[in-house]
Amino acid sequence: MKPVYILGIESSCDDTSAAVIRDGFLLSNVTASQAVHEAYGGVVPELASRAHQQNIVPVVDAALKRAGIEREQLSAIAFTRGPGLLGSLLVGVSFAKGLAASLGIPMVDVNHLHGHVLAHFIRSLPQEKKGEEETPSFPFLCLLVSGGNSQIVLVKSYKDMEIIGQTIDDAAGEAIDKCSKVMGLGYPGGPIIDKLARQGNPDAFTFSKPNIPGYDYSFSGLKTSFLYSLRNWLKDDPDFIEHHKEDLAASLEKTIVDILMKKLRLAARDLKIKQVAVAGGVSANTGLRNAFHDYARRYGWKVFIPPFSYTTDNAAMIAITGYFKYLDKDFCPMSAPAYSRVAAG
Ligand code: KG4
């Protein structure tokens with residue numbers, strides 16, 4: 001049988017990425033990040049879309065080259081249709097449409113968040129494998145935590161996912177980034193807070209935790225509590241942050257991880273599910289990864305933690321999701337628009 005080659009394209013935020021998958025195995029995954037946003041302490045949408053325009057052709061070329069295939073061999077093109085920054089998405093969507101039309105092959109639209117969840121199903125070629133690649137079995141729970149989302153997803157199949165809990169205000173990554181900004185640290189704050197937290201005392205400071213029903217999250221109160229506490233401490237010691245940045249980072253990280261894990265545990269207990277995965281940029285966090293291993297021991301969970309390269313935005317997760325949709329012949333019309341927030345169609 002002819003192999004199925006899927007080209008995945010991701011451009012929903014500030015990473016331009018392209019990946020090639022053959023029959024479910026990853027051949028290449030190339031990502032160009034955008035350093036231009038560092039100076040602004042956050043992603044500037046207009047600059048992001050311009051950078052995508054510059055990056056998309058070389059990134060796709062590199063992905064095909066690394067995969068060792070010609071574009072004519074592609075079976076379909078999978079692309080992130082949303083949610084994300086509209087200007088950024090438009091670059092990937094337009095490129096995917098143009099390439100698919102010129103090659104006369106189908107297009108598969110991918111929900112970015114489904115991509116994060118299905119990153120757990122990316123398989124490496126036998127010679128590239130670094131360890132056991134176990135995949136979760138359905139149904140499982142996935143904690144999806146990134147700069148824009150904090151959700152508990154009940155994953156019933158490759159295409160049937162139900163969000164059973166989500167943030168009612170800020171996302172976990174957003175809260176970390178904002179607290180890091182308040183401390184005058186760099187952007188994005190997540191990796192910086194993670195590094196500092198390893199040298200700090202997680203019980204040094206206490207910040208307020210939300211008290212909301214069900215499996216939903218809230219992080220805006222914590223952000224405010226962090227800001228107000230810091231302001232008070234700075235009145236007594238103008239160098240408070242410098243003197244305590246490790247403890248502040250460790251205490252902040254612990255609070256966020258506790259909030260995330262408590263609701264996840266509640267959902268796992270109520271639904272009697274023992275297979276629990278984590279996905280999204282914040283899943284790179286050491287404290288959160290440790291908490292997953294700890295909960296696995298304590299509650300008999302089987303946990304799935306993605307390799308670092310699949311935690312942040314990447315096209316491999318888009319290509320694998322596209323591959324499953326391709327097998328179902330779930331194609332998307334040329335007229336399908338990008339969507340920034342609500343899933344269309
Ligand atoms: O999934 P992602 O790459 O895309 C967006 O949602 O934009 O997630 C990015 C988020 C940022 O908030 C970043 O600070 C956070 O993931 N992040 C981390 C770590 N690495 C990235 N948060 C905590 N610890 C980390 N090691």
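Throughout, read-outs are computed from the coordinates displayed, never taken from laboratory work. Source: prediction; values computed, not measured. Note that each Cβ is placed from the backbone with ideal geometry, even for glycine, and that neighbours are counted across all protein chains shown.
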So how much slack lies between Glu134 and Leu271, counting 0.36 nm per residue of separation and subtracting their Cα-Cα distance, in nm?
47.1 nm
Mind checking region 21-127 for GluC sites (Glu not before Pro) that DSSP puts in a loop (not H, G, I, E or B) and that have at most 13 other Cβ atoms within 10 Å?
Glu70
Compute the acute angle (0 to 90°) between the alpha-carbon long axis of helix 240-271 and the principal axis of greatest extent of the alpha-carbon atoms of the chain; round to the nearest 10°.
60
Helix 86-103 sits at what angle to the longest principal axis of the chain, using alpha carbons and giving 0 to 90 degrees rounded to 10?
20
May I ask you to evaluate 6.51 cos²θ - 1.76 cosθ + 1.60, the Karplus curve with θ = phi - 60°, for each residue of region 46-58 and list the ³J(HN,Hα) values in order in whole Hz, giving x for glycine and proline?
4, 5, 5, 5, 5, 5, 4, 4, 6, 8, 4, 5, x
So which lysines pass the test for Lys223, namely a Cα distance under 30 Å, with those fewer than 8 places away in the same chain ruled out?
Lys178, Lys181, Lys195, Lys209, Lys235, Lys245, Lys254, Lys262, Lys263
Any idea what angle helix 220-236 forms with the longest principal axis of the chain, computed on alpha-carbon atoms, 0 to 90 degrees, nearest 10?
40
